[in-house]
Every structure is written in C-alpha cells, then in structure tokens.
Amino acid sequence: MTLWRRQILAIIRIDLAKTFLAKRGLWIYLLALAPLLPLVGHWLFGRGNMANDQLGDDVQAFAVIFQFFYLRIAIFFGCVGIFMNLFRGEMLDKSLHYYLLAPIRREVLVAGKFLSGISAALVIFCGSVILQWFGIFLHHGTQLFGSFMNPGPGLSHLMSYLLAAALACIGYGSLFLWAGLRYKNPLIPAAILLVWESLNGVLPAVLKKISIIYWLKSICPVSLPTPPGAKGSVWNLLIFDIDPAPVAVASINLLLLAAFVLIAAALRARTLEISYAAD
Amino acid sequence: MSSDIVFDNISKFYGEILGVNKVNLTIPPGITSLVGPNGSGKTTLMNLAAGLLRPTRGSVEICGISPGDPERYFRITGYATQYDGFPKGLTGYQFVHAYLRLFGFSPSDTERLAWDAIDRAGLREAAPRKIAGYSKGMRQRIKLAQAIAHKPKVLILDEPLNGLDPLARAETIALFRQLGQEGSHVLISSHILHEVDLISDQVVMMSQGYVVAEGQIRGVRDEISDQPMQILIRCDKPEYLASQLFDKEQVVEAKLHADRQGLLVRTRSAESFYKLLNHIALDGVSIESVAPADDDAQSVYEYLIGNTGDTK
C-alpha cells in the first residue's frame, strides 16, 4: 500500500474515534435520530389504521420530514458539527500541530480529514434514513411493506433519499471543512449559508440554482404539494417552484462543487500556520 | 549536503509585530539552548524550524531539506511544543502510537517504536492511562516521547523541563545528553539558566527578535570585552591577598567572597592577572583554586540582555 493511503487510513482511524465516541458529538446523533420521534408516535398510535391509502400519506409525510427538517436542519447542522471540528476544533484543542509535524502532505491531510468526516456523516445520517424508512413504513405490515418496496416504488425512493442524504453530507461537509480552515469563526459563514439556503425559495430562478438545497431537492423522489394559502406566506421560503434538475445532473454538480471546495481547502491547508494564541 | 540546521536571513512578522528579524544561524549537532526573555522570539524561531510557521522572509533548512518537503523534513525532525494540548480521550500509548502511524510504519514497527519512546521518557506504567489524568510533568514527558518516537535526527523542544520534578529533570537532561552524544541536534529553549549551563554545548541568546550572541558560553563570554572578567580565587588568606591586589593596575575590583573563604576579582585582562597571581602565590599565600566566575549562561545573559524581567 502506498504511503499516502496508509496515512489517510491512519487519519481516519484517529478522527473516527473522536467523531463517533466524543461526548460533545452526542447532539449530532440526537439531531439525526430526531425524525424517528414523530415516526415512532405514528407507529404507536396509528397501528389500527393500516388501510392501503394511508401508505400514500406516509410517503408524503416522509418527504416533508426529509426535505424540510432532515436536509435543511439535521444534516446541515450535523455537518457543521462534524466537519468544522476537523480542523477548527483541533485548533481550539491545540492538537492540530501533531498532524502538521508528521511527514504528510497537507493535501493528503485534507483528504484524510474529509474522508473521516464523510465516513462518520454517512453512517450517522444515511443510517438514520434507513431507520426512519423502516419506522414509518414497516407498521403497515411486512406484506404491504414488501410489495411497496418491490415491485412498488419504495426501494427506488429509499435509494434516492440515501443519495440525497449522502450528497448533502458531501456538499455541506466540504464547505464546512473549508470554512473551518479558512475562518477563525466558521459559524459566521455557516449562518450566512443557512440564510441563503432558506431564502432560496423567494429568489429568482437563476439564483435558486446557486445553492446546495436546490440540487438536493432535485434528487428527492417525491415533490411536495404547495399547501393551500402558502403563496405569499413563510412557506415560500421553503418551497421551490422551478423545475428540478435531472438526478444525474444534480449529483454531478454537487460532486463537482465538493471537489472544487476541497481543492480550495487543500490550497488553504498548504499555507496553514499554527498560532494558537491568535486563534 | 549540510547536516546542520540553517536559518538563512529569516524574518517573521505577525502583521506589524516583529517575531524574529534577519536571523542567520547555523546550528551544528549537539545540544543548543535558545535563551531570551519573554517575547524575544525563541518560540517563533522554533516554530519556523518546525515548519509550523512560514517565514515572512528568508528560509530554514535542516540537513538541506526545507519544510516544503514534509515527507522528508518531518521524518528527520521531532518537535515537542510548549502547547499543552492533546487529542481528547487518548491514553499515553494511544497518543504516541496514533501519530506514529502517520509515518507509514508497519503495525509491529509502530508498536515497538511507541514503547521504545515511552520507555525512554519513563512512562511505561502510566502509558495505558488517559492523558487527561496526567500531571503536568507526565504530559511534558509524553510529548517528549511522541517527539522522539520516530527517532529524528533533529529534536526541537520548547521549554521541555517545565513542570518536571527534580528526579524527572535529571532523567530528562540525561536523555538529552544521550541524544546529543548519539549525534542528534537537540534544540532547547529554557529559562532556567543554570540548567542551560548543564545541558548545552552551545547557546543562542535572543532579545527582541534578534540573535544577540551565539556559540559556546565561554567563547561568548570572551567576546564581551566591555565587562571585566570575574575570577574567584579560593585561598587560605583572602584578606591578605586582597590587600596585595588593590593597587595593581590589572585589577578593577576585589572583594571577599560571601563565605570569606575566597576572593572575587574583576579584571580587564585575565592573562596578565594570572601572571600577577603567580608572583603573589610565591609570597606565602596558599591558593586552592582559581576559576572564572562569570562565564556561565546567567552572567553572559545579564551582560548581554540585562536582568530585567524573567528569562522565559
């Protein structure tokens, strides 16, 4: 195995332990598992109603939770917690210099850190998607659940949600890793991004595409109906009324964005200095 | 290829604030101490040597390699910083082991090197415990173990004796000596000047971002011509000897030692004073010893930098 591969594996091993086992990361698990709470309630109190037509309601309910809460809140803030800490957290702990004093190229360090972050984020957030999926649909009974998954659209929907969650982690993760390297207080650019993503619904069509949430929404398999009276209300901030992009285009665009941002992060890392007192 | 640490006209500014300025140094193998007051630029110089800071001007090379080539540079360099930060949740062994893996060693070599370093730092018993429970001295020693674990040719240590108890200090100084004798460069910053005397083959004295003196302490002392040399003479008749010396032109000052068992003489020419002393010794004074009293780091430091403030 080449040296840089062994180094990346070593970085992942060090950082994964910190991400998965750190007490200060507990809120990320809670955030990822939060959608399960209403689903468990739904499961407990909706057991008597297993009519076939309710499965369609659950498909809509899942889509609402996924698009309004999971992508915009859970994954967004989860990635803030995971990826910003990869560099900025170690600067605050005064332990980043141990990496910088190892015979490792800074580009390899950025790659290793990103891979460790993305590994943790994928396990947490994609794992939660699968739990939510089973949580909301399994109470319809295994037979109905089985036919919904295949030959019904369930399996392809699940795959689309997993792809959207994964690309959200990659897209937001790369941006927050870069922000952690670039800014002393990376929460400020994160807040600006949150506002931008939230305002996206009221921006002109061209500007809507300059966001991550637009491309993620394009990957989601179920489009949300506009609630009655939503026009002109706060709902406008959350709803996209332009055509979604094809899934392949959306996926490639998000991957290209992440690659571009990671290159910027690697360039930044090459000139990184350790001056903890100033940080 | 040079085997030295070379600072070539290196400067570092933090915005408008001077870190170090126009430093030209060539440091040979052995133990070199960086001495200077707070803010004199010692840590900046060490961080530049370790590649943690980028110079505003100039360059640094170790054995002909620059920090821009990290895969070679950090294989021969180890640095124990003064930062008291550690990755959370690790034991002493896990800490040394985890960062050794970044060097690409095999698992068995990594384990062996980690235990070797931990043994040299005297922490085998504490190694399975979490670092969060370590004393200051133990944290200093585990940092030292981490810095030496890959057997670097150049070891940079920022205040490595801080927080160590007397026994650990003695053991650590012995380790530095051993590393120096093995041909390594050991670059140490310390504010405990009598330990600098004990440890160092050479010193670099810094003040306000500039190097004010470098070399072996005695050599540096010889070059301070505006300060008369101080010589301590142990003898059986110090009062008589003082009376004999008062009117001699070679002697600037003569005073009895605090224990009244000797005489402290200040002279502008040690050589002519020794000749004079030979004559006086023939005159019935039994001289036990004659030794320079101000060619230690403390004296040289006070002559060059002054004794205002501490030396950290």
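Read the figures in this text as sums done on the coordinates, not as results from a lab. Keep in mind it's a predicted model, so treat the numbers as computed, not measured. Every residue, glycine among them, receives a Cβ derived from its backbone with ideal geometry; neighbour counts consider all protein chains shown.
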So what's the angle, to the nearest 10 degrees on a 0 to 90 scale, between helix B:270-281 and the longest Cα principal axis of chain B?
50 degrees
Label the range B:1-122 by shape, choosing from rounded, prolate and oblate, from the square roots a ≥ b ≥ c of the eigenvalues of the Cα gyration tensor; if a/c is under 1.5 it is rounded, and otherwise prolate applies when a/b is larger than b/c, oblate when it is not.
prolate
For the range A:2-273, calculate the relative contact order in percent as a whole number, restricting contacts to Cα pairs under 8 Å that are 6 or more residues apart.
26 percent
By what distance, in whole Å, do the Cα atoms of the protein assembly as shown stretch along each of the three principal axes, largest value first?
123, 50, 43
In straight Cα distance, which aspartates and glutamates are under 19 Å from residue B:22, not counting same-chain residues fewer than 8 positions off?
B:4, B:8, B:61, B:214
Where the Cα atoms of the range B:122-199 are projected onto their three principal axes, how long is each span, largest first, in whole Å?
33, 27, 18
Note on the range B:211-279: contact order normalised by length, alpha-carbon pairs under 8 Å, 6 or more apart, percent, works out to 32 percent
Please say if chain A is rounded, prolate or oblate, where rounded means a/c under 1.5 for a ≥ b ≥ c the square roots of the C-alpha gyration tensor eigenvalues, and otherwise the choice is prolate for a/b larger than b/c and oblate otherwise?
prolate
Give the dimensionless ratio obtained when the Cα radius of gyration of the range B:198-299 is divided by 2.2 N^0.38 Å.
1.22
Please find the FRET efficiency linking residue B:24 to residue B:182, where r is the Cβ-Cβ separation and R0 is fixed at 22 Å, and quote it to the nearest 0.05.
0.20
Helix B:136-148 versus the longest principal axis of chain B: what is the Cα-based angle in degrees, 0 to 90, to the nearest 10?
70 degrees
Is there a quick way to get the dipole size of the range A:2-273? I mean about its Cα centre, with the Cβ of Lys and Arg at +1 and of Asp and Glu at -1; what is the value in debye to the nearest 20?
1080 debye
Given A:60, A:157, A:114, which one lies farthest toward the positive end of the charge dipole of the range A:2-273, if we put +1 on the Cβ of every Lys and Arg and -1 on the Cβ of every Asp and Glu?
A:114
DSSP bridge pairs, the protein assembly as shown: antiparallel proportion in percent, nearest 5:
65 percent
Could you point to the residue in A:204, A:176, A:44 farthest towards the positive end of chain A's charge dipole, with +1 and -1 charges on the Cβ of Lys/Arg and Asp/Glu respectively?
A:176
Which one, B:245, B:28, B:281, projects farthest toward the positive side of the charge dipole computed for the protein assembly as shown from Cβ point charges (K/R +1, D/E -1)?
B:28
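Work out which helices of chain A, taken as complete DSSP H runs, extend at least 20 Å along their axis over the Cα atoms and score a mean Kyte-Doolittle of -0.5 or more, then list them.
Values: long enough: A:3-21 (27 Å, 0.72); A:106-121 (22 Å, 0.90); A:154-182 (41 Å, 1.24); A:247-270 (35 Å, 2.01).
Long hydrophobic helices here: A:3-21, A:106-121, A:154-182, A:247-270.
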How big is the Rg/Rh ratio for chain B, C-alpha atoms only, Rh by Kirkwood, two decimals?
1.07
Where does helix B:166-181 land angle-wise versus the long Cα axis of chain B, in degrees 0 to 90, nearest 10?
80 degrees
Report ³J(HN,Hα) in whole Hz for each residue of the range B:241-252, in order, from the Karplus equation J = 6.51 cos²θ - 1.76 cosθ + 1.60 where θ = phi - 60°; Gly and Pro get x.
4, 4, 5, 6, 9, 4, 9, 8, 5, 5, 9, 7
Computed, not fitted: 222 nm per-residue ellipticity of chain B from DSSP H runs ≥ 4 (each -39500 (n - 2.57)), nearest 500, equal to -10000 deg cm²/dmol
For chain A, modelled as a GNM with alpha-carbon contacts under 10 angstrom, which of A:257, A:101, A:163 fluctuates the most?
A:101
Hull volume in cubic angstrom per residue (convex hull over the Cα atoms of the range B:136-270)
159 Å³
Can you sort A:134, A:148 by how many other beta carbons sit within 10 Å, fewest first?
A:134, A:148
Given labels modelled 7 Å from the Cα in the Cβ direction, how far is it in nm from residue A:199 to residue A:22?
3.1 nm
What 222 nm value per residue comes from the helices of chain A, counting each DSSP H run with n ≥ 4 as -39,500 (n - 2.57) and dividing by all residues, nearest 500 deg cm²/dmol?
-20000 deg cm²/dmol
Taking chain B as a Gaussian network, Cα atoms linked when under 10 Å apart, which of B:165, B:116, B:283 shows the biggest mean-square fluctuation?
B:283
Calculate the spin-label point distance for residue B:227 paired with residue A:147, positioning each point 7 Å from the Cα along the beta-carbon direction, and give it in nanometres.
9.7 nm
Listed here are the pairs B:237/B:275; B:255/B:275; A:18/A:94; A:184/B:151; which of them are more than 24 Å apart at the Cα?
A:184/B:151
Under a plain spin-label model, where a point goes 7 Å from the Cα along Cα-to-Cβ, how far apart in nm are residue B:167 and residue B:56?
4.8 nm
